[in-house]
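The values are calculated or read from the model by the stated rules, or taken from the named source; none is laboratory data. Keep in mind it's a predicted model, so treat the numbers as computed, not measured. Note that each Cβ is placed from the backbone with ideal geometry, even for glycine, and that neighbours are counted across all protein chains shown. These area figures cover heavy atoms from the full protein model, side chains too; ligands, DNA and RNA do not enter into them. Shrake-Rupley method; radii C 1.70, N 1.55, O 1.52, S 1.80 Å.
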Amino acid sequence: MKTIEFFKGELRKYLFELKTYYPDQIVSVLITIFIFIVMGMMNGNMNDSTFYVGFVYWFLLSSLIGEAAISTSSEKQMGILDQLMIQPVGLKKLIIIRSSVWGMVNFIKVILSLVILKIILGLPIGFHWGMIPLFLVVSFGILGFTLFLCALTLKYTKTASFESIISYSLMILSGAVFPLASLPKAIQLIGNYLPITQGIAMSKKLILGETVSLQYFVPLAVVSIIYFFIGFLLFNFILEKSRVAGLDKHY
């Protein structure tokens, strides 16, 4: 019950921020539309109904990784870290709840951008309902990165700055911009073991009418679970070490 109440509270808070700073959200949607167009041009085929998939995955999952760490860093700057640490819902759960709320709002923002693109420019936007469970499974794995980065931010404060490095690394390694097959073998090897890479590939197959069987879905789920629990364990380890050494609560 506490989890549901905290989720509702975080959602209300974030929606209030959106209402208060709505010009920023309008600019964000316009920039997203512009990037979609650029991605389509880089793809070389604006008639490809899957051109947007890689960017959507990268955009949403990058925000899932970065916003929690940036928020934690800001709260350290404001001197309210103690309040975060004593939340009855637990710090890990609070991070996951916040990330879920931000993910939902950003998802709506992306959908709005795609609808505008389809109406104004008539670009083909392919979709399959099977993409939703695929994306949720991939997001679960990416939450491992979120927990890890938040733990480092709690310990070292400005670690959230590394979010950009992780984000753009994912863009390259996942094949969101350039086909993974055109990259060096070492990068391909790393990229093929990322949940986002597999999610993008399977989502494109669904849009093109191909079947994605359990033979492909189960390995994706296993990889995502592994990534999540690695992040979960690292979060616990770093936070415990921080408490023993003395958690730096100064910005």
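Which residue, of LEU134, LEU123, is closer than 27 Å to VAL177 by Cβ and at pLDDT 80 or above? First the steps, then the outcome.
On the way: LEU123 fails: at pLDDT 80 or above.
Result of the check over LEU134, LEU123: LEU134.
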Which one is modelled with the lowest pLDDT among residues in segment 182-200 that are surrounded by fewer than 19 Cβ atoms within 10 Å (Cβ to Cβ) and of a type in the set (Gly, Ala, Ser)? SER182
If you scan segment 201-216, which residues turn out to be part of a helix (DSSP H, G or I), touching a residue at least 12 places away in the same chain (Cβ under 8 Å) and open to solvent by 60 Å² or more (accessible area, probe 1.4 Å)? LYS204, TYR216
Sole exception among (1) under 21 Å from LEU60 (Cβ atoms); (2) modelled with pLDDT of 85 or more; (3) of a type outside the set (D, E, K, R); (4) open to solvent by 10 Å² or more (accessible area, probe 1.4 Å) for ILE166, by number: (2)
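Open to solvent by 20 Å² or more (accessible area, probe 1.4 Å), modelled with pLDDT of 75 or more and out of contact with any Lys or Arg (no Cβ under 6 Å at 6 or more places or on another chain), is that true of ILE70?
On the way: open to solvent by 20 Å² or more (accessible area, probe 1.4 Å): yes; modelled with pLDDT of 75 or more: no; out of contact with any Lys or Arg (no Cβ under 6 Å at 6 or more places or on another chain): yes.
In short, no.
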Which one of these does PRO179 not meet: (1) under 14 Å from ALA201 (Cβ atoms); (2) touching a helix residue (DSSP H, G or I) at 6+ places or on another chain (Cβ under 8 Å); (3) surrounded by fewer than 16 Cβ atoms within 10 Å (Cβ to Cβ)? (2)
